[in-house]
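Colleague: Structure below; questions to follow.
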Amino acid sequence: MDLFFWEVARASGLAAYVALCIAVLTGLAPRTQALGFLATNRAVRALHDWSPWIVLPAAITHVVALLLDTTARISLVDLVVPFQTSYGQLAIGLGTISLDLVVIVIVTTWLRRALSNSWWQWMHRLSYVGFVTMFLHAILSGTDLASPVIAGLSWAAAIAIGYYSLERAGRSLAVAKARA
Amino acid sequence: MGPGRKKRSGPVPAWALKVASVVMTFSVFGSGLGYASTHLSTTNAPLQPAVVASTSSAGSTSTTTLTSAVRTTTRTAVTKTASS
C-alpha cells in the first residue's frame, strides 16, 4: 500500500506542475498573446480564473499522498513550515514555500473584492515566485525528472513561461515609461 | 499582417479550454502513475530518503546461507580426456 501512495505522490506532483504551468501561462497570455492562435483573450482569461480547480486537487493529492507515504516521512508541519524535514531540507522546503504561495494567491483572489486592487496585484505577483520555487522543487527532488523526456518537457514549459514573463515585464515597463 | 489590421484570435471556446486543461492534467497524472509503477526505484533520483540505512542495519543482523547449485554424482563420466 505504501508503494501506491509513493506512486500517487510522484504522479500528482507532475500533474500539479502541469496545472500550475497552465495557470501561469493563461495569466500571462492575455497581455503577450501567447495563446492568441488558440483562443480569444476572454476565453483564456476564463480558463485562468478557473485554473485553481485543477491546481488545488493535484497539489492536495500530492501532499496527502506524501503524508500517507511512510518512506517520504513528511509531517503536517512540513506542509506549512519549510526546511524542517530530516532530509532534503532545501528541495522539500522549496515545495513547501511553493504550496504556501499558491494557497496565498488563490485565497487572496477569492477575497479580491475585500482587497484593494494594488494589494491584490502584489499578492498575485507572488505566483511567479511560487512557480519558480515549484520548478526548483521539481528539479531538486522530483524522482521522475531523472527521466530525460520528463525533464525535457518540464524545462521546456519553464523556459516558455520565463520567456513570456520577461515579455510581459518588458511591455509593462514600456507602458510605464510612456506614461512618465 | 499590415498595420491596423486586427490579429485574429483562435476559435477555441472557454469551455473547450477548460475541458482540455482537465484532460491534460489527468493524462499527465495517469502517465505519471504508469511511469512510477514501472520505475519504482530510480537510482539517480535527486532525493534519497534514509531507507537504505535502515535496510542495511536490518541486514546486518540477518545472515544469508549460500548453497551450491551444482550437485555431485557417483555415475561414470561420459567424456574422457585424451592423453598422448
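Colleague: When the helices in chain A are scored as -39500 (n - 2.57) per DSSP H run of 4 or longer and the sum is shared across all residues, what 222 nm value do you end up with, to the nearest 500 deg cm²/dmol?
Modeller: On the way: 6 runs with 137 residues, N = 180.
The helix contribution divided over chain A gives -26500 deg cm²/dmol.
Colleague: Let me ask another. Can you tell me the order of B:34-46, A:70-82 when each peptide is scored by its average per-residue count of other Cβ atoms within 10 angstrom, highest first?
Modeller: Details: B:34-46: 12.9, A:70-82: 15.8.
Highest to lowest by the protection proxy: A:70-82, B:34-46.
Colleague: Give the Debye-formula value of log10 I(q)/I(0) at each listed q (0.16 Å⁻¹), with one equal scatterer per alpha carbon of the protein assembly as shown, two decimals each.
Modeller: Cα-only, vacuum Debye calculation for the protein assembly as shown: -1.26.
Colleague: Need one number: nm distance between label points at residue A:155 and residue A:115, each 7 Å from Cα along Cα→Cβ, rounded to one decimal.
Modeller: Each label point is offset 7 Å from its Cα along the Cβ direction, giving 3.4 nm.
Colleague: Mean Kyte-Doolittle of at least 0.5 plus a Cα span of 27 Å or more along the axis: flag which DSSP H helices in chain A meet both, please.
Modeller: What comes out of the filter, once short or polar helices are dropped, is A:2-32, A:89-110, A:148-179.
Colleague: A follow-up question, please. Label point 7 Å out from residue A:41 along Cα-to-Cβ: which residues of the range B:11-27 have amide N under 20 Å?
Modeller: Answer for the range B:11-27: B:11-15, B:17-18.
Colleague: How much FRET efficiency would the formula 1/(1 + (r/R0)^6) give for residue A:179 and residue A:129, where r is the Cβ-Cβ distance and R0 is 45 Å, rounded to 0.05?
Modeller: Working: r = 26 Å, r/R0 = 0.58.
Here the calculated transfer efficiency is 0.95.
Colleague: Counting only other chains, what is the mean number of Cβ atoms within 10 angstrom of the Cβ of each residue in peptide A:144-156?
Modeller: Other-chain Cβ atoms within 10 Å of each residue's Cβ, averaged: 2.
Colleague: Partner chain Cβ atoms within 10 Å, averaged over the residues of A:41-49 - can you pull that number for me? Mind dumping the intermediate values first?
Modeller: Working: counts 1, 3, 10, 5, 1, 5, 8, 1, 1.
The per-residue average across the peptide is 4.
Rule-based calculations on the coordinates, nothing more; no lab input. Please read these numbers as outputs of a predicted model, since none were measured by experiment. All Cβ positions, glycine included, derive from the backbone under ideal geometry; neighbour counts span all protein chains shown.
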